[in-house]
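Visitor: Input: one structure, supplied below.
The values are calculated or read from the model by the stated rules, or taken from the named source; none is laboratory data. As the structure is a prediction and not an experimental result, all values here were calculated from the model. A quick note on method: Cβ atoms are made from the backbone with ideal geometry, for glycine too, and the neighbour counts reach across all protein chains shown.
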Amino acid sequence: MLVAAPGAQPDESELIERILAGDQAAFEQLYDRYLPRVFGFVQKRLDNRADTEETVQEVFFHVFSCLASYRKEAHFAAWVLGIARRTVANRFKRKRHPTVPLEIEDELENVDYAAPMIGAVPTPHETYECRERAERIEAAAALELTSEQRLLFELHHLRHHPITDIASLLDKSEDAIKSNLYRARRVLLAR
């Protein structure tokens, strides 16, 4: 294992080794190093600051989750920005909802809203990776998040409630909700 000289910034390969060995501080260093670049990249593509912040967190979640698959064939920065590009593209795909022309209002009950998802079948490898990642996240959520953080995470990320609605429901400020969600995501990113 490479060790940086005192006061020197460790290179990406050293940070990756440390992260894969379970060093959370190494991930925080990597996060701090790439946050401005990823944030700028995502912000140029999304108009809304809240969407940008959420997407950036999602990017770093993917970076951490896929770190073991980084093969050093490309520069690490290019790999991270590739993940950011795909995450932004997927965000645009998710926002598209089936639409129904207004002229056929009486036929609304005949519309199959699941039709766009019928052809989307994950490969066995994707299914395995998804199940493994979900198990790690569930274990971290159960052991390391407070009950309030678990509730906020579920309401916002799983049930898709807006932060404003959650804040009024729990009689807390939006900033308090955002802060708690940020802490919960950081814990889950470390898994």
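Visitor: Report, by residue number, each residue of segment 159-191 that is over 17 Å from ASP51 (Cα atoms), assigned to a loop (DSSP other than H, G, I, E, B) and over 13 Å from the mean Cα position of the chain (by Cα).
Guide: Result: ASP171, LYS172, SER173.
Visitor: From the residues in segment 155-164 that are surrounded by 14 or more Cβ atoms within 10 Å (Cβ to Cβ) and not β-branched (Val, Ile, Thr), which one is nearest to LEU189 (Cα to Cα)? Before you say what the answer is, go through the steps one by one.
Guide: Taking segment 155-164 as the starting set, the residues that turn out to be surrounded by 14 or more Cβ atoms within 10 Å (Cβ to Cβ) are 155-157, 161, 163.
From the residues that got through so far, the ones that are not β-branched (Val, Ile, Thr) too are 155-157, 161.
On the way: LEU155: 18, HIS156: 16, HIS157: 14, HIS161: 21 Å.
Once the filter is applied, the top-ranked residue is HIS157.
Visitor: Same structure, new question: Search segment 144-158 for residues that are farther than 20 Å from GLU53 by Cβ and of a type in the set (Phe, Trp, Tyr) and pair each with any residue that is at pLDDT 90 or above and surrounded by 14 or more Cβ atoms within 10 Å (Cβ to Cβ) when their beta-carbon atoms are under 6 Å apart and the residues are at least 6 apart or on different chains.
Guide: Correct list of pairs: empty, since none qualify.
Visitor: Within segment 118-132, count every residue that is surrounded by 10 or more Cβ atoms within 10 Å (Cβ to Cβ) and modelled with pLDDT under 80.
Guide: Here the count works out to 6.
Visitor: Under the condition of being among the aromatic types (Phe, Trp, Tyr) and farther than 14 Å from LEU189 by Cβ, which residue from segment 5-57 is surrounded by the fewest Cβ atoms within 10 Å (Cβ to Cβ)?
Guide: PHE39
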